[in-house]
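In what follows, a structure is listed as structure tokens, so that the remarks can point back to it.
The values are calculated or read from the model by the stated rules, or taken from the named source; none is laboratory data. Here the structure is a predicted model, which means the values were calculated and not measured. Here the Cβ positions follow ideal geometry from the backbone for every residue, glycine too, while neighbour counts run over all protein chains shown. Surface accessibility is based on the protein's heavy atoms, side chains included, excluding ligands, DNA and RNA. Shrake-Rupley method; radii C 1.70, N 1.55, O 1.52, S 1.80 Å.
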Amino acid sequence: MSKKVTIKVSPKKQSVKSVKAVKGKKLTVKWAKDKMASGYQVQVSTDKKFKKNVKSKSLPKTSYTFTKLKAGKKYYVRIRSFKKSGKETLNGSWSKVKLSSKVKK
């Protein structure tokens, strides 16, 4: 007799390496690579709880530059990795929230 066992492994918790305000209302976010992840989800928001003014992006690389942000505002940044397994997507938990410096014009 054989049994089928399904094991779900969520990706590990990510951490934001750096958040840099770049001239031209841009914010560059960098994070560490997770070999087990198939991609990352990054969010920036002017709200600490990420309820309003949220910009989100899913991508396979370890850095991203958000554009068209409001100059003079500080943004909160968080990231999580995800793993695609067949039709299912398993998300890791969100990183600690990091506050950026003021976005430059």
I need the full set of residues from segment 74-93 which are free of Cβ contacts under 8 Å to residues at least 40 places away in the same chain and in a loop (DSSP other than H, G, I, E, B), in order please. K74, G86, K87
Looking at segment 29-44, can you tell me whether even one residue there is open to solvent by less than 50 Å² (accessible area, probe 1.4 Å), assigned to a loop (DSSP other than H, G, I, E, B) and at pLDDT 95 or above? no
S10 being surrounded by 12 or more Cβ atoms within 10 Å (Cβ to Cβ), touching a residue at least 12 places away in the same chain (Cβ under 8 Å), in a loop (DSSP other than H, G, I, E, B) and of a type outside the set (A, V, I, L, M): yes
Go through segment 49-63 residue by residue and tally those that are among the β-branched types (V, I, T) and free of Cβ contacts under 8 Å to residues at least 24 places away in the same chain. 1
Take the conditions at pLDDT 95 or above, out of contact with any Leu (no Cβ under 9 Å at 6 or more places or on another chain) and assigned to a loop (DSSP other than H, G, I, E, B) and apply them to K3. Does it pass? no
